[in-house]
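The values are calculated or read from the model by the stated rules, or taken from the named source; none is laboratory data. Not measured: the values here are computed from a predicted model. We place every Cβ from the backbone using ideal geometry, glycine too, and count neighbours over all the protein chains shown.
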């Protein structure tokens, strides 16, 4: 596709439910980032992949959060036993390692509401 | 720990006015700085990226400056239009070319016709 695609766009979950959020990066982009954006705040870094390798997961808020990118393309962010504080927009971004400016291109995000 | 601050948090101006958005960061050891635009319910659109060795970048009516030593960047918007209404986010990248971005909370801009 032409841009970063995220699905679903909206997700409502009951507290305690597991959710999975999908990110399709721009084709050929090596780097993939996940960010969490709470209402009225700037995005905060969660985790980073280079191809299939998860090189940095320092931003994941708890062990309930898990991300994978098994074939170095599509990535999934999984949240187990969701809590109300997990309600936020989850943004995915990708960038091309070969691009001089290393601009990160963002998807539209998944808005997660935990009731 | 790097902290990014944006002032003001919100700004309302009449159409046609020139305006400046401010961004400051606490650690000057950045790789680059990027300005984004975010419309409600949408993702982030990159506006301008300034490498740490650069002083400014221009795109159309937008001009971004960077003073790395003082930890400041400004985004100048000339002849503002109602279509410029959005939240503007400043972000710095550290840790080399593959580092994650650290964002400010944004400035919500409203341009009144």
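Tabulated data
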{"quantity": "Members of region B:18-29 found to be farther than 20 Å from residue A:44 by Cα and either within 13 Å of the chain's Cα centre (by Cα) or surrounded by 14 or more Cβ atoms within 10 Å (Cβ to Cβ) (or both), listed by number", "calculated": "B:19, B:20, B:21"}
{"quantity": "Failed item in (1) more than 12 Å from the chain's Cα centre (by Cα); (2) at pLDDT 95 or above; (3) farther than 30 Å from residue A:111 by Cβ, with residue B:66 passing the rest", "calculated": "(1)"}
{"quantity": "Filtered residue count, region A:60-79, keeping only those that are touching a residue at least 24 places away in the same chain (Cβ under 8 Å), buried (at least 16 other Cβ atoms within 10 Å of the Cβ) and assigned to a loop (DSSP other than H, G, I, E, B)", "calculated": "2"}
{"quantity": "Among (1) more than 9 Å from every other protein chain (Cβ to nearest Cβ); (2) in a strand (DSSP E or B) - the single one residue B:40 does not satisfy", "calculated": "(2)"}
{"quantity": "Candidate set: region A:80-110, residues that are farther than 16 Å from residue A:62 by Cα, within 11 Å of the chain's Cα centre (by Cα) and assigned to a strand (DSSP E or B); chosen: the one nearest to the other protein chains (Cβ to nearest Cβ)", "calculated": "A:106"}
{"quantity": "Selection from region A:35-64 of residues that are more than 12 Å from residue A:89 (Cα to Cα) and more than 10 Å from every other protein chain (Cβ to nearest Cβ)", "calculated": "A:49, A:51, A:52, A:53, A:54, A:57, A:60, A:61, A:62, A:63, A:64"}
{"quantity": "Subset of region A:19-34 that is buried (at least 24 other Cβ atoms within 10 Å of the Cβ) and within 10 Å of the chain's Cα centre (by Cα) - its residue that is nearest to the other protein chains (Cβ to nearest Cβ)", "calculated": "A:33"}
{"quantity": "Identity of the residue in region B:43-89, within 13 Å of chain A (Cβ to nearest Cβ) and not in a strand (DSSP E or B), that ends up surrounded by the most Cβ atoms within 10 Å (Cβ to Cβ)", "calculated": "B:43"}
{"quantity": "Failed condition for residue B:102, given (1) away from every other protein chain (no Cβ under 11 Å); (2) closer than 15 Å to residue B:26 by Cβ; (3) crowded, with 18+ Cβ neighbours inside 10 Å", "calculated": "(1)"}
{"quantity": "Hits in region B:11-31 - residues which are in a loop (DSSP other than H, G, I, E, B) and under 30 Å from residue B:53 (Cβ atoms)", "calculated": "B:18, B:26, B:27, B:28, B:29, B:30, B:31"}
